[in-house]
Each structure stands twice: as structure tokens, then as C-alpha cells.
Amino acid sequence: MTGARTIVGATGEWELVIGLEVHAQAATRSKLFSGAATAFGAEPNVQVSLVDAAMPGMLPVINGAAVDQAIRTGLALGAEVNRFSVFDRKNYFYPDLPQGYQISQYRHPIVGAGELRVDLPDGRTRVVGIERLHLEQDAGKLVHDRSATDSHVDLNRAGIPLMEIVSRPDLRDWEEAGAYLRKLRALLRAIGSCDGNMEQGSLRADANVSVRRPGAPLGTRCELKNLNSVRFLMRAIEVEARRQVGIIEAGEAVRQETRLYDPQRNETRAMRSKEDAHDYRYFPDPDLLPLSLSDARIERLRDSLPELPDEIRERLIGEYGLTPYDASVLVAEPDAAGFFEAAAQGRSGKRVANWIVTNLFGALNEAERPLAESPVSAEALGQLVGLIENGTISDRIARDVFEEMFRTGSSPQAIVEARGLRQIQDADAIDAAIDAALSANPGQLEQYRAGKTKVLGWFVGQVMKATRGQANPALVNARLRQKLDPDGAG
Amino acid sequence: MALSDDDVRRVAELVRIGLDESEVKPLGEELSRIFSWIEALREVDVAGVAPMTSVVEMQLRERDDAVTDGDCRDQVLGNAPAADDGHFVVPRVIE
């Protein structure tokens, strides 16, 4: 088993230390402190109340459903839900923040320490500490491309409820960070507390990145802001860590600062430095009483949680005999576990999982489509595996059929019939093909007789080629052995 | 506790108040007097006393999650010094 990736610079090896702050939009109809709508894609400034616009005299009233979603998320992270939490004002001036402060939670967040189990592609598992989860308001949106001299402000997002989920600096490379974000997204979607839609901004990540010699004390970190896809998160972390290694190896020091990732240039750059940006002067919001939660409410919400991804994972391993890795991949991808269970009805779970994880995800990835838009349905994939299991087609032919299913959306039966791909099970037909191959290649036959038994595999290949891949490979193998070595034990 | 002139300038900058240099000293003296009142309060022993968050015993009131507000763009933009195509317009800020 390998460990986390490191960066090898000119002077040796560097280890990464990464912590993520994920902003997840709590799934609610209305905003955190006003009755304006939260739906995506509205005309600018239409989903804005006078509270969101911070008109004088407006007072915030908290949305109970946003509180519930934060509690449910905390419970799903195995975290302590705090019976007492406080809303604070985080003060700063920016045109996307009409109040001049963001209502957030600072010293007393609604959810305390928890953890998230992250399974990595190389088979390792990392249990990543969650430091806290708190509720806060989102800011508005600035639009810079409508004018060369001005910025336009749309406050539709202002006041949308966010759950900020802060991890401990437990992640050690960009693969781990990507796997963590995917797993968190799957968890949020599974319990319905956030739709996890990164394109629409419902889920965004900030990454704190530093480098150090393996095992050495922590280095100076930089914060990468607003990463809105798993791919960009991973690329930004890698490129930032390499930048820091370059600086340190040149004998200079990393400056603690906030940086933005530019996907076009694949580089990070410092945000315009605002000297006072980090003096937020938090204080308890006098407009809001502390939030007190009853045990009864927390227990009711605990009962509302569906089967969690880690529970589904254990069940897939236990009920269907999946490998831990396949099961982890299926629960980390949105909707994949349900897709799998639909496809696996009456079939080998292991084989179905393998087809989904390797072939289907590979094809979707290449086509840059989510599972929800897969041209191959769970039912059709199950049917394809059924055709392999009842001997109608071989694994190799199945791959061709799958390709066509993915391209055209046709059913596997239709493709097999239309292209005449049915596997040759007929021993006589296979014998004929074997005889032809043997008599056409006396040289190789001689080699086999002289003890070079590896030639057997070559003959199998010849027969498969002659039958355009349709012969049953196991049968070819058995008949060929029989013919070449009638008295042999094999 | 006495505030330095630099403290005063920094607080003014943080809250976006433009200060004339002649205002710095008098303001510093006023703020320092306020701080000395707070320091007097700090002498009270409050060990074991829970922070009072409200003068009456009240719970935070929660709303039902329903869309009951918004859809009032004209009012929202009504006082804006500049607006364009449904947006507020501000001097360009870009990172």
C-alpha cells in the first residue's frame, strides 16, 4: 500500500497539509433570516426582501428548516450537536454584503467535532476530523463583465443559508482532498441537506494548503478561495503546493495570504491584499437570541435520517459481496448505489459493480456526463451482465456491445441480435475452427510438441480471431487442450 | 486604557469613517474615556454568572420555511444611487 503523494523538489521531499472549509447551501425554500426564495436562476434581485437588502429597521427571523438541516448534517457526520449556539456578526465592507456584516457563528457553532471516513483509490482509508459546522448567510453576487468601469450587484444569493463545514488539517494530498469533497457531497445528498450542485454554487470549497518536510512542524499556509469543482480543487492544491515548494527552495518564505485559482492558466495568484480584511471584529448579533435546541428535536431529526453512505457501503459488501473499493466508489458517486442495486437484481453483484465502476464510469467520465444522464440505464446494464452470465456473449463481445449501448442507447439484446454477436457454444463449430488453425500453422504446432506450451494461448487467440471473438473462450481453451494433449492432466 | 492616534485612525478606517487629522486627538480622548468605563465594569466579579443574553426569559423564535417575501425589486433598488438592468451598480471592484 502506498501513502499520500509528496512533492519532490530540488532539495528533497515535501509533504502537504490540507484542510478544507466547505460551504454547503442548506436545502430550504426560503432564506436563513428572511422569507425570500432561494431557487436557482431567478432574474437579478427578484429573490430579495428588504431584510436581505439591509434596509434600516429590518430584523432577521431565523428559518427553522435551515437549523434542522444543520442538525441533520451534524448527526450524519457523527458530530456533537450543541444545545446552545450563538449568532455573531462578522464585520467587513464589500459591495456584495449590504449589511456591512455577515451573520455567522463564531465562538459557539451549532455543531462541534465529528468525522468523515474517506476511502481512497489505492485502498487506503482516511478518517478526516471535522472541526465544526456552523450556519451563516451567503453574500450576493458581483458581475464584472457588464461594464468596464462598474460592477453590478445581484443580491439573490444574499442571505441564503450556508452550512460551513470545517475539516481538520488531516488531508495529505490533492487526491485525498478530492475524495473528501466527493464523500462529503455524497453524504449531503444522501440526507438531502444540500443538493451538492457545484455548478450552481450550492457547494463550494476553500482549501488551506501548506507544505513541510515529512513530519516537520507546520509550514505557513495559504487559503485558496471558492473552488467550485472537485477537479479544480485538486488541480489548485497541487499547483499551489508546487508554488510553495519553489518559494521555499529558492530560500524565500511563503506569505500567509488568500489566493485565487485561475483554471485557464492553472496557477494561483494573490487576491488584492486588504490589510484590514482579517479584522472582522466578531460580536454576538444583538438582533438574535442564542439558539437553544431540545433533546427531543435532535432525536426527532436523528430518526429522519435515511441509510447513510457508510451504512450502504457495509451493506453492499455484506449483501452483494462487493470489494470494499467498489462499494466505496458506488456510495461516493451521487445516485450510484441505487443504480447498482437496480442493475444487480438477480445477477452477480460483483460483476455488475465492476461494469459500473470500470466501464460505465469510465465512459461517463470521458463524455463528461453525470450518472443521471447516462445513456445506459440500470436495467439495460443489468441485462448486459445477464447476457454474459447465461453465456450468450463473452466478456470481450460485451465490451463492444456496451460501447454501442452507450453511443446509441439501444438495448443489449437488440444489438446482439442485429449484429449477430451471439457467442459460439457449438463444440463442432469450435472444433472446426481449431482444426483449421492447427493445420494452417504447422510451425507453431511443432513448437508446442517440442514443449513450448505457451503456444497454446497463441492458438486460442487465432481461434478467437477466426470466429470474430464470438467463440466461447473457455470452451476453445478446453477443446484445444483436449486436441493437443489428449492424455494430459490439464 | 488610552488609545493611540494610530488606533483611532485604524478604527476609523475599519468602519469607513473619513477623519480629518484634527479630529484624531479629540476622538482618541473620547474613546479612551469610554474604555475606562468598560474597565470599571470589568472589576465586578462575575465568576459563575452565566452571560445574560436577554432581559426577559425568551427563546429564539423560528420561522416556518415558506416563501413569504421578496419579489419587490423596485423597492429594493429604489434608493440605489445607480442601478442598471435590475442590478445595483457600484464602482468596479475586482480581485
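Would you please give the FRET efficiency between A:THR220 and A:TYR106, computed as 1/(1 + (r/R0)^6) with r the Cβ-Cβ distance and R0 = 25 Å, to the nearest 0.05? Before the final figure, lay out the partial values.
On the way: r = 24 Å, r/R0 = 0.94.
The pair A:THR220/A:TYR106 has a calculated efficiency of 0.60.
Using a Förster radius of 25 Å, what is the FRET efficiency between A:ALA427 and A:LYS452 based on their Cβ-Cβ separation? Nearest 0.05, please. Before the final figure, lay out the partial values.
Working: r = 26 Å, r/R0 = 1.06.
Computed FRET efficiency for A:ALA427 and A:LYS452 comes out at 0.40.
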So, with points 7 Å from each Cα along the Cβ direction, the A:GLU115-A:THR408 label distance in nm works out to 5.2 nm
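Ignore the peptide's own chain and count Cβ atoms of other chains within 10 Å of each Cβ in A:55-66; give me the average, rounded.
Across the residues of A:55-66, the mean count of other-chain Cβ atoms within 10 Å is 3.
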Looking at this model, which pairs from A:LYS183/A:LYS225; A:LYS31/A:LYS141; A:LYS141/A:LYS225; A:LYS141/A:LYS183; A:LYS452/A:LYS483 are more than 23 angstrom apart at the alpha-carbon?
-> A:LYS141/A:LYS183
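To one decimal place, what Kirkwood hydrodynamic radius in Å is obtained for the range A:6-301 from all pairs of distinct Cα atoms?
On the way: mean 1/r = 0.0496 Å⁻¹.
Result for the range A:6-301, one decimal place: 20.2 Å.
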Derived scalar couplings ³J(HN,Hα) [the range A:27-37; Karplus, 6.51 cos²θ - 1.76 cosθ + 1.60; whole Hz; x for Gly, Pro] = 6, 9, 7, 10, 6, 5, 10, 9, x, 6, 6
Inter-part gap, Cα centre of the range A:316-389 to Cα centre of the range A:59-131, in whole angstrom, is 33 Å
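A:ASP485 to A:ARG5: extension gain in nm, 0.36 nm per residue of separation minus the Cα-Cα distance? Walk me through the numbers on the way to the answer.
Working: separation 480, 0.36 × 480 = 172.80 nm, distance 5.05 nm.
Additional length available on full extension: 167.7 nm.
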Angle between chain A longest axis and helix A:174-191 axis [Cα atoms, degrees, rounded to 10] | 80 degrees
Label model pair B:ARG61, B:ILE17: point-to-point distance (7 angstrom along the Cα→beta-carbon line) in nm is 3.3 nm
What's the percent breakdown of Cα-Cα distances in the range A:151-255 across 5 Å bins, shortest bin first?
-> 2, 11, 20, 21, 16, 12, 9, 6, 2, 1
Whole-Hz ³J(HN,Hα) from phi, Karplus 6.51 cos²θ - 1.76 cosθ + 1.60, for the range A:314-330, glycine and proline x = 4, 5, 5, 5, x, 7, 10, x, 6, 6, x, 5, 4, 4, 5, 5, 5
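Quick one: if the Förster radius is 56 Å, what FRET efficiency do A:GLU299 and A:ALA418 give, using the C-beta to C-beta distance and rounding to 0.05?
Details: r = 58 Å, r/R0 = 1.03.
Rounded to the nearest 0.05, the efficiency is 0.45.
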Inter-label distance, nm, simple model (7 Å from Cα along the C-beta direction), A:ALA367/A:MET58 | 4.5 nm
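Per 0.36 nm of contour for each residue apart, how much would the distance between A:ARG83 and A:ASN354 grow if the chain were fully extended, relative to their Cα-Cα spacing? Numbers along the way, then the final one.
Working: separation 271, 0.36 × 271 = 97.56 nm, distance 4.47 nm.
Gain on stretching A:ARG83 to A:ASN354: 93.1 nm.
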HN-Hα J in Hz across the range A:47-61 - Karplus 6.51, -1.76, 1.60, θ = phi - 60°, x for Gly and Pro | 9, 9, 9, 5, 5, 5, 7, 6, 5, x, x, 6, 10, x, 10
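Values in this text are rule-based calculations from the coordinates and carry no lab data. Note that the structure is a prediction, hence the values are computed from the model and not measured. Ideal geometry is used to build each Cβ from the backbone, glycine not excepted, and the neighbour counts take in all protein chains shown.
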